[in-house]
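Written below as structure tokens is the structure these notes are about.
Each reported figure results from applying straightforward, stated rules to the coordinates on display, with no laboratory input. No experiment lies behind these values; they were computed from the predicted model shown. Here Cβ is always computed from backbone atoms with ideal geometry, including for glycine, and neighbour counts include all displayed protein chains.
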Amino acid sequence: MFIFDNVFDELNNFFYGQGGYKSFPVDMVELPNGFQIIAEMPGVEKENIHMNYEDGILTIEADRKKDDKAKYLISERDVTHLKRSINFGDVKEESITAKLENGLLIITLLTKVPEEKPKRTIVIE
């Protein structure tokens, strides 16, 4: 068991200890007029979550921090930078909303209604 622990520790350090980032679990729910993303953010304060939407991609970043003034006797929870990007199609950017409830970040994105282009009759000369 000790050998496996060392291997996992080394892999973790390789991927996350050198400027990398960890992800977080999300659920994506299809709505009649868009999508809802539910992301697990336990222990993350609202001020430490940053989101942007650009070129059809929603990016969520968060920093999970501990109290610097506390004297920890045991410290097992990760303190890290979290990041996740999700690609969407046409979304009404102005309609994106987000709220944080009980450690869950809930983001709602409404899709654009495709415009129907009028049929054009072409005259033969």
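Classify the range 78-125 as rounded, prolate or oblate from the Cα gyration tensor: take a ≥ b ≥ c as the square roots of its eigenvalues, call it rounded if a/c is under 1.5, otherwise prolate when a/b beats b/c and oblate if not. Taking the square roots of the gyration eigenvalues as a ≥ b ≥ c, the range 78-125 is prolate. About its Cα centre, the range 47-90 has a charge dipole of approximately 400 debye under the convention of +1 per Lys or Arg Cβ and -1 per Asp or Glu Cβ, with nothing else charged.
With a Förster radius of 35 Å applied to the C-beta separation of VAL79 and ILE106, the computed FRET efficiency comes to 0.90.
Between the range 76-94 and the range 96-125, the alpha-carbon centres lie 20 Å apart.
Calculate, for VAL26 and ILE122, the FRET efficiency according to 1/(1 + (r/R0)^6) with r their C-beta to C-beta distance and R0 41 Å; round to the nearest 0.05. Present the calculation step by step, with values, prior to reporting the outcome.
Values: r = 47 Å, r/R0 = 1.16.
My answer for the efficiency is 0.30.
Just the Cα atoms of the range 36-123, one point each, no solvent: what log10 I(q)/I(0) does Debye give at q = 0.18 Å⁻¹? For the range 36-123, the Cα-only Debye profile gives -0.85.
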